[in-house]
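Peer 1: To start, I am sharing the structure in question, which I have written as C-alpha coordinates.
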Amino acid sequence: MQAPPVPGAPQGAPIGGRASEALGDQLYVPQNIKNNYDVMNFNKIFASLLAGVFAGISGITGYKGFIVYLLAHAIMAGLLLLKASPHPRRFFPSPTTLAFSGILSQTEMLTFILFWTLANNVVHLF
Amino acid sequence: MTAASELVLDREVRDWVLIPLTACVMLMQLLRQYVTALMAGNKAPVDPSKGTSEVSQKMAVARSTLLRANGGFIPEPGFRQRKQYFAAKDTGVLNQKIEAKGMQEMMMTNPDFMQGMMKQQLGGLLPQLALGALVNFFFSGFILGRIPFALSPKFRIMLQRGIDLPSLDPSYFTSLSYYILLLFGLRGVLTLMFREKAINDAQQMMQMQQSMQMGPMGPMGFDAQKAFDAEQAALNLAEHKWRLEGSEARAVKVLRTQLGGK
(Lines give C-alpha, C1' and ligand atoms only; values in the text may rest on other atoms or scores of the structure.)
Protein backbone atom coordinates (compact mmCIF):
# COMPACT_ATOMS: atom_id res chain seq x y z
CA MET A 1 0.00 0.00 0.00
CA GLN A 2 1.42 3.35 -0.88
CA ALA A 3 0.68 6.71 0.60
CA PRO A 4 -2.17 8.39 -1.24
CA PRO A 5 -1.06 10.54 -4.15
CA VAL A 6 0.02 13.96 -3.10
CA PRO A 7 -2.40 16.21 -4.91
CA GLY A 8 -1.10 19.10 -6.88
CA ALA A 9 2.56 18.72 -6.04
CA PRO A 10 4.45 21.01 -8.35
CA GLN A 11 6.59 19.11 -10.69
CA GLY A 12 8.15 21.94 -12.55
CA ALA A 13 9.48 23.83 -9.55
CA PRO A 14 12.64 22.80 -7.73
CA ILE A 15 12.29 22.38 -4.00
CA GLY A 16 13.40 25.56 -2.26
CA GLY A 17 15.21 27.09 -5.19
CA ARG A 18 17.51 30.02 -4.92
CA ALA A 19 15.79 33.30 -4.37
CA SER A 20 17.02 34.70 -7.62
CA GLU A 21 15.60 31.90 -9.69
CA ALA A 22 12.34 32.21 -11.49
CA LEU A 23 9.38 30.89 -9.61
CA GLY A 24 9.42 27.73 -11.59
CA ASP A 25 7.51 26.33 -14.48
CA GLN A 26 3.86 25.67 -14.49
CA LEU A 27 2.46 23.41 -11.88
CA TYR A 28 1.37 20.02 -13.11
CA VAL A 29 -1.47 18.25 -11.42
CA PRO A 30 -0.67 14.53 -11.65
CA GLN A 31 -4.25 13.33 -11.86
CA ASN A 32 -5.03 15.63 -14.73
CA ILE A 33 -1.95 14.58 -16.64
CA LYS A 34 -2.86 10.95 -16.12
CA ASN A 35 -6.38 11.61 -17.30
CA ASN A 36 -5.12 13.29 -20.43
CA TYR A 37 -2.84 10.39 -21.18
CA ASP A 38 -5.69 7.96 -20.68
CA VAL A 39 -7.93 9.81 -23.07
CA MET A 40 -5.18 9.97 -25.66
CA ASN A 41 -4.43 6.26 -25.32
CA PHE A 42 -8.08 5.41 -25.60
CA ASN A 43 -8.35 7.31 -28.83
CA LYS A 44 -5.19 5.85 -30.27
CA ILE A 45 -6.22 2.28 -29.54
CA PHE A 46 -9.54 3.00 -31.17
CA ALA A 47 -7.79 4.41 -34.21
CA SER A 48 -5.60 1.30 -34.45
CA LEU A 49 -8.66 -0.90 -34.27
CA LEU A 50 -10.44 0.95 -37.04
CA ALA A 51 -7.30 1.00 -39.16
CA GLY A 52 -6.99 -2.75 -38.75
CA VAL A 53 -10.55 -3.39 -39.78
CA PHE A 54 -10.26 -1.02 -42.70
CA ALA A 55 -7.04 -2.58 -43.95
CA GLY A 56 -8.47 -6.06 -43.57
CA ILE A 57 -11.69 -5.40 -45.39
CA SER A 58 -10.04 -3.64 -48.27
CA GLY A 59 -7.67 -6.54 -48.76
CA ILE A 60 -4.48 -4.64 -48.19
CA THR A 61 -1.56 -6.92 -47.51
CA GLY A 62 2.09 -6.50 -46.88
CA TYR A 63 3.85 -3.34 -45.88
CA LYS A 64 1.02 -1.16 -47.20
CA GLY A 65 -0.97 -2.17 -44.17
CA PHE A 66 1.56 -0.51 -41.93
CA ILE A 67 1.29 2.63 -44.01
CA VAL A 68 -2.43 2.55 -43.28
CA TYR A 69 -1.59 2.17 -39.60
CA LEU A 70 0.71 5.17 -39.60
CA LEU A 71 -1.82 7.17 -41.57
CA ALA A 72 -4.56 6.38 -39.09
CA HIS A 73 -2.35 7.47 -36.23
CA ALA A 74 -1.47 10.69 -38.04
CA ILE A 75 -5.14 11.49 -38.64
CA MET A 76 -5.98 10.72 -35.03
CA ALA A 77 -3.14 12.90 -33.79
CA GLY A 78 -4.37 15.69 -36.06
CA LEU A 79 -7.89 15.42 -34.67
CA LEU A 80 -6.61 15.43 -31.12
CA LEU A 81 -4.50 18.48 -31.83
CA LEU A 82 -7.57 20.15 -33.24
CA LYS A 83 -9.43 19.41 -30.05
CA ALA A 84 -6.61 20.77 -27.91
CA SER A 85 -5.99 23.55 -30.35
CA PRO A 86 -5.71 26.86 -28.49
CA HIS A 87 -2.89 25.69 -26.22
CA PRO A 88 -1.77 22.09 -26.62
CA ARG A 89 0.84 22.80 -24.00
CA ARG A 90 -1.86 23.09 -21.40
CA PHE A 91 -2.64 19.43 -21.68
CA PHE A 92 0.65 17.64 -22.03
CA PRO A 93 4.08 18.34 -20.63
CA SER A 94 5.77 18.03 -23.95
CA PRO A 95 4.22 19.21 -27.23
CA THR A 96 5.17 16.12 -29.20
CA THR A 97 3.41 13.56 -27.03
CA LEU A 98 0.14 13.97 -28.84
CA ALA A 99 1.64 13.19 -32.19
CA PHE A 100 4.23 10.57 -31.47
CA SER A 101 3.43 8.67 -28.32
CA GLY A 102 2.05 5.19 -28.64
CA ILE A 103 2.71 4.63 -32.31
CA LEU A 104 5.16 1.84 -31.65
CA SER A 105 3.52 0.70 -28.45
CA GLN A 106 2.85 -2.99 -28.08
CA THR A 107 -0.81 -2.63 -27.26
CA GLU A 108 -1.79 -0.59 -30.26
CA MET A 109 0.39 -2.44 -32.72
CA LEU A 110 -0.95 -5.80 -31.62
CA THR A 111 -4.52 -4.56 -31.71
CA PHE A 112 -3.97 -3.37 -35.24
CA ILE A 113 -2.40 -6.67 -36.35
CA LEU A 114 -5.11 -8.74 -34.70
CA PHE A 115 -7.97 -6.89 -36.33
CA TRP A 116 -6.20 -6.69 -39.65
CA THR A 117 -5.68 -10.46 -39.59
CA LEU A 118 -9.22 -11.12 -38.47
CA ALA A 119 -10.88 -8.88 -41.02
CA ASN A 120 -8.62 -10.03 -43.83
CA ASN A 121 -9.28 -13.67 -43.10
CA VAL A 122 -12.98 -13.37 -42.63
CA VAL A 123 -13.53 -11.37 -45.77
CA HIS A 124 -10.87 -12.47 -48.21
CA LEU A 125 -9.46 -15.77 -47.27
CA PHE A 126 -12.47 -17.96 -46.92
CA MET B 1 1.37 -13.41 -55.62
CA THR B 2 1.02 -16.55 -57.59
CA ALA B 3 -2.04 -18.64 -56.92
CA ALA B 4 0.13 -21.61 -56.08
CA SER B 5 1.35 -20.08 -52.85
CA GLU B 6 -2.10 -19.18 -51.66
CA LEU B 7 -4.08 -21.77 -49.84
CA VAL B 8 -7.78 -21.99 -50.21
CA LEU B 9 -9.33 -22.66 -46.86
CA ASP B 10 -12.63 -24.22 -46.08
CA ARG B 11 -15.44 -21.88 -45.17
CA GLU B 12 -16.48 -24.24 -42.42
CA VAL B 13 -13.18 -23.56 -40.72
CA ARG B 14 -13.99 -19.91 -40.59
CA ASP B 15 -17.53 -20.40 -39.39
CA TRP B 16 -16.77 -22.95 -36.76
CA VAL B 17 -13.32 -22.07 -35.48
CA LEU B 18 -12.18 -18.57 -36.21
CA ILE B 19 -15.23 -16.63 -35.16
CA PRO B 20 -16.15 -18.82 -32.18
CA LEU B 21 -12.61 -18.80 -30.90
CA THR B 22 -12.47 -15.03 -31.07
CA ALA B 23 -15.81 -14.78 -29.31
CA CYS B 24 -14.75 -17.26 -26.63
CA VAL B 25 -11.54 -15.51 -25.76
CA MET B 26 -13.30 -12.18 -25.73
CA LEU B 27 -15.97 -13.48 -23.36
CA MET B 28 -13.37 -15.11 -21.15
CA GLN B 29 -11.52 -11.84 -20.75
CA LEU B 30 -14.75 -10.06 -19.92
CA LEU B 31 -15.60 -12.73 -17.38
CA ARG B 32 -12.19 -12.41 -15.76
CA GLN B 33 -12.61 -8.69 -15.52
CA TYR B 34 -15.98 -8.88 -13.83
CA VAL B 35 -14.98 -11.71 -11.53
CA THR B 36 -11.97 -9.83 -10.24
CA ALA B 37 -14.14 -6.78 -9.73
CA LEU B 38 -16.60 -8.85 -7.74
CA MET B 39 -13.97 -10.54 -5.65
CA ALA B 40 -12.25 -7.29 -4.87
CA GLY B 41 -15.56 -5.76 -3.91
CA ASN B 42 -16.21 -8.54 -1.40
CA LYS B 43 -13.23 -7.63 0.72
CA ALA B 44 -14.33 -5.74 3.76
CA PRO B 45 -13.70 -2.04 3.31
CA VAL B 46 -11.66 -0.09 5.82
CA ASP B 47 -13.26 -0.63 9.18
CA PRO B 48 -14.46 2.80 10.21
CA SER B 49 -13.82 2.27 13.90
CA LYS B 50 -10.12 1.65 13.59
CA GLY B 51 -9.45 2.63 10.02
CA THR B 52 -9.67 6.38 10.19
CA SER B 53 -6.57 6.70 12.31
CA GLU B 54 -4.49 5.12 9.57
CA VAL B 55 -5.95 7.42 6.96
CA SER B 56 -5.35 10.48 9.06
CA GLN B 57 -1.77 9.39 9.69
CA LYS B 58 -1.13 9.03 6.02
CA MET B 59 -2.67 12.41 5.39
CA ALA B 60 -0.46 13.98 8.02
CA VAL B 61 2.64 12.62 6.32
CA ALA B 62 1.39 13.83 2.96
CA ARG B 63 0.74 17.33 4.29
CA SER B 64 4.15 17.51 5.84
CA THR B 65 5.78 16.51 2.57
CA LEU B 66 3.81 19.17 0.76
CA LEU B 67 4.92 21.71 3.32
CA ARG B 68 8.57 20.92 2.78
CA ALA B 69 8.20 21.05 -0.97
CA ASN B 70 6.21 24.24 -1.27
CA GLY B 71 7.35 26.11 1.80
CA GLY B 72 8.94 28.77 -0.31
CA PHE B 73 5.63 30.08 -1.51
CA ILE B 74 4.19 31.05 1.86
CA PRO B 75 5.54 33.81 4.05
CA GLU B 76 7.93 32.95 6.83
CA PRO B 77 5.58 33.18 9.80
CA GLY B 78 3.16 30.87 8.05
CA PHE B 79 5.86 28.37 7.41
CA ARG B 80 7.00 28.48 11.00
CA GLN B 81 3.49 28.01 12.24
CA ARG B 82 2.93 24.95 10.13
CA LYS B 83 6.28 23.52 11.05
CA GLN B 84 5.40 24.01 14.68
CA TYR B 85 2.12 22.22 14.18
CA PHE B 86 3.90 19.19 12.86
CA ALA B 87 7.20 18.95 14.60
CA ALA B 88 6.80 20.51 18.05
CA LYS B 89 8.29 18.53 20.89
CA ASP B 90 5.24 17.22 22.64
CA THR B 91 2.24 18.53 20.85
CA GLY B 92 3.31 18.25 17.23
CA VAL B 93 1.28 15.91 15.09
CA LEU B 94 4.32 13.96 14.05
CA ASN B 95 5.26 13.34 17.64
CA GLN B 96 2.07 11.61 18.62
CA LYS B 97 2.64 8.22 20.02
CA ILE B 98 1.35 5.65 17.61
CA GLU B 99 -0.23 2.79 19.45
CA ALA B 100 1.76 -0.13 18.19
CA LYS B 101 -0.44 -2.30 16.10
CA GLY B 102 -1.08 -5.46 17.98
CA MET B 103 0.05 -8.65 16.37
CA GLN B 104 -3.58 -9.42 15.83
CA GLU B 105 -4.08 -6.53 13.54
CA MET B 106 -0.98 -7.48 11.66
CA MET B 107 -2.32 -10.94 11.17
CA MET B 108 -5.51 -9.51 9.84
CA THR B 109 -3.80 -7.52 7.18
CA ASN B 110 -1.28 -10.27 6.53
CA PRO B 111 -3.53 -13.03 5.18
CA ASP B 112 -5.48 -10.52 3.14
CA PHE B 113 -2.33 -9.60 1.34
CA MET B 114 -1.43 -13.21 0.61
CA GLN B 115 -4.94 -14.10 -0.38
CA GLY B 116 -5.17 -11.14 -2.67
CA MET B 117 -2.05 -12.13 -4.56
CA MET B 118 -3.06 -15.73 -4.85
CA LYS B 119 -6.50 -14.83 -6.06
CA GLN B 120 -4.97 -12.52 -8.60
CA GLN B 121 -2.64 -15.16 -9.88
CA LEU B 122 -5.23 -17.90 -9.97
CA GLY B 123 -7.92 -15.77 -11.47
CA GLY B 124 -5.56 -14.40 -14.01
CA LEU B 125 -3.63 -17.37 -15.24
CA LEU B 126 -5.93 -20.32 -14.77
CA PRO B 127 -8.67 -19.55 -17.30
CA GLN B 128 -6.07 -18.70 -19.91
CA LEU B 129 -4.19 -21.94 -19.39
CA ALA B 130 -7.36 -23.97 -19.32
CA LEU B 131 -8.67 -22.43 -22.51
CA GLY B 132 -5.29 -22.89 -24.13
CA ALA B 133 -5.34 -26.56 -23.32
CA LEU B 134 -8.84 -26.87 -24.71
CA VAL B 135 -7.88 -25.10 -27.90
CA ASN B 136 -4.89 -27.33 -28.32
CA PHE B 137 -7.00 -30.40 -27.79
CA PHE B 138 -9.87 -29.56 -30.07
CA PHE B 139 -8.38 -27.39 -32.75
CA SER B 140 -4.99 -28.78 -33.49
CA GLY B 141 -3.48 -29.88 -36.72
CA PHE B 142 -4.88 -27.46 -39.20
CA ILE B 143 -4.24 -24.00 -40.50
CA LEU B 144 -6.59 -21.38 -39.23
CA GLY B 145 -5.75 -18.30 -41.20
CA ARG B 146 -3.13 -16.05 -42.61
CA ILE B 147 -1.35 -13.02 -41.36
CA PRO B 148 -1.61 -10.36 -44.04
CA PHE B 149 2.07 -9.60 -44.32
CA ALA B 150 5.08 -11.68 -45.19
CA LEU B 151 7.10 -13.12 -42.36
CA SER B 152 10.54 -14.60 -42.20
CA PRO B 153 10.91 -18.37 -41.81
CA LYS B 154 11.95 -17.93 -38.20
CA PHE B 155 8.35 -17.22 -37.37
CA ARG B 156 7.32 -20.61 -38.56
CA ILE B 157 8.21 -22.19 -35.24
CA MET B 158 6.06 -19.69 -33.44
CA LEU B 159 3.08 -19.80 -35.70
CA GLN B 160 2.88 -23.34 -36.95
CA ARG B 161 3.35 -25.71 -34.07
CA GLY B 162 2.43 -29.24 -34.94
CA ILE B 163 2.54 -28.85 -38.67
CA ASP B 164 5.59 -30.07 -40.48
CA LEU B 165 5.37 -28.54 -43.91
CA PRO B 166 8.56 -26.61 -44.54
CA SER B 167 7.25 -25.32 -47.82
CA LEU B 168 4.23 -23.66 -46.29
CA ASP B 169 4.28 -19.90 -46.05
CA PRO B 170 5.17 -18.84 -42.52
CA SER B 171 2.28 -16.42 -42.60
CA TYR B 172 -0.20 -19.22 -42.09
CA PHE B 173 -0.90 -19.93 -38.47
CA THR B 174 -2.51 -22.64 -36.40
CA SER B 175 -5.18 -22.30 -33.77
CA LEU B 176 -2.88 -22.19 -30.78
CA SER B 177 -0.84 -19.34 -32.16
CA TYR B 178 -4.02 -17.54 -33.10
CA TYR B 179 -5.18 -18.01 -29.53
CA ILE B 180 -2.05 -16.35 -28.24
CA LEU B 181 -2.39 -13.57 -30.76
CA LEU B 182 -5.93 -13.05 -29.51
CA LEU B 183 -4.78 -12.89 -25.90
CA PHE B 184 -2.34 -10.14 -26.71
CA GLY B 185 -4.50 -8.28 -29.15
CA LEU B 186 -7.60 -8.14 -27.01
CA ARG B 187 -5.74 -6.30 -24.29
CA GLY B 188 -6.25 -3.15 -26.31
CA VAL B 189 -9.96 -3.80 -26.69
CA LEU B 190 -10.27 -4.46 -22.97
CA THR B 191 -8.59 -1.13 -22.32
CA LEU B 192 -11.20 0.44 -24.52
CA MET B 193 -13.97 -1.15 -22.53
CA PHE B 194 -12.66 -0.74 -19.03
CA ARG B 195 -10.36 2.27 -19.25
CA GLU B 196 -7.79 1.94 -16.54
CA LYS B 197 -9.37 -0.95 -14.67
CA ALA B 198 -8.49 -3.44 -17.39
CA ILE B 199 -6.39 -6.33 -16.18
CA ASN B 200 -3.08 -6.14 -17.85
CA ASP B 201 -1.14 -9.37 -17.49
CA ALA B 202 2.18 -8.11 -18.69
CA GLN B 203 2.04 -5.13 -16.40
CA GLN B 204 1.05 -7.25 -13.45
CA MET B 205 3.91 -9.64 -14.09
CA MET B 206 6.36 -6.76 -14.14
CA GLN B 207 4.90 -5.28 -10.99
CA MET B 208 5.06 -8.55 -9.16
CA GLN B 209 8.66 -9.06 -10.21
CA GLN B 210 9.53 -5.62 -8.98
CA SER B 211 7.89 -6.14 -5.65
CA MET B 212 9.63 -9.50 -5.30
CA GLN B 213 12.93 -7.86 -6.04
CA MET B 214 12.46 -5.30 -3.32
CA GLY B 215 12.77 -8.14 -0.93
CA PRO B 216 10.22 -9.59 1.40
CA MET B 217 9.40 -6.43 3.32
CA GLY B 218 7.06 -7.19 6.15
CA PRO B 219 3.64 -6.91 4.61
CA MET B 220 2.71 -4.27 7.09
CA GLY B 221 1.08 -1.81 4.79
CA PHE B 222 1.75 1.61 6.14
CA ASP B 223 4.22 1.79 8.98
CA ALA B 224 3.17 4.93 10.70
CA GLN B 225 5.93 5.20 13.26
CA LYS B 226 8.77 5.02 10.80
CA ALA B 227 7.10 7.42 8.42
CA PHE B 228 6.48 9.90 11.18
CA ASP B 229 10.08 9.72 12.38
CA ALA B 230 11.44 10.22 8.91
CA GLU B 231 9.13 13.13 8.24
CA GLN B 232 10.01 14.79 11.48
CA ALA B 233 13.72 14.55 10.86
CA ALA B 234 13.27 15.99 7.40
CA LEU B 235 11.04 18.77 8.64
CA ASN B 236 13.52 19.78 11.29
CA LEU B 237 16.11 20.19 8.59
CA ALA B 238 13.85 22.14 6.28
CA GLU B 239 14.50 25.83 6.05
CA HIS B 240 12.32 28.52 4.67
CA LYS B 241 13.47 29.99 1.38
CA TRP B 242 11.25 32.82 0.48
CA ARG B 243 10.80 32.48 -3.25
CA LEU B 244 9.60 35.99 -3.80
CA GLU B 245 12.75 37.47 -2.34
CA GLY B 246 14.41 38.46 -5.55
CA SER B 247 11.22 39.52 -7.24
CA GLU B 248 12.21 43.18 -7.53
CA ALA B 249 15.42 42.27 -9.26
CA ARG B 250 13.60 39.87 -11.55
CA ALA B 251 10.95 42.46 -12.32
CA VAL B 252 13.65 44.93 -13.24
CA LYS B 253 15.22 42.41 -15.56
CA VAL B 254 11.95 41.60 -17.24
CA LEU B 255 10.91 45.19 -17.61
CA ARG B 256 14.28 46.10 -18.99
CA THR B 257 14.08 43.49 -21.69
CA GLN B 258 10.55 44.48 -22.50
CA LEU B 259 11.04 48.22 -22.58
CA GLY B 260 14.61 48.23 -23.66
CA GLY B 261 13.69 46.47 -26.81
CA LYS B 262 11.36 49.23 -27.79
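The values are calculated or read from the model by the stated rules, or taken from the named source; none is laboratory data. This is a predicted model, so every value here is computed, not measured. Here Cβ is always computed from backbone atoms with ideal geometry, including for glycine, and neighbour counts include all displayed protein chains. Surface accessibility is based on the protein's heavy atoms, side chains included, excluding ligands, DNA and RNA. Shrake-Rupley method; radii C 1.70, N 1.55, O 1.52, S 1.80 Å.
Peer 1: B:M39 accessible area, nearest 10 Å², 1.4 Å probe?
Peer 2: 70
Peer 1: Can you give the Rg/Rh ratio of region A:30-125, where Rg is from the C-alpha atoms and Rh is the Kirkwood radius?
Peer 2: My calculation puts Rg/Rh at 1.05.
Peer 1: Give me the percent of accessible area attributable to carbon and sulfur for region A:30-125, probe 1.4 angstrom.
Peer 2: 70
Peer 1: If you add up the charges near B:P148, with Lys and Arg at +1 and Asp and Glu at -1, over every other residue whose beta carbon is less than 14 angstrom from its beta carbon, what do you get?
Peer 2: Local charge sum for B:P148: 0.
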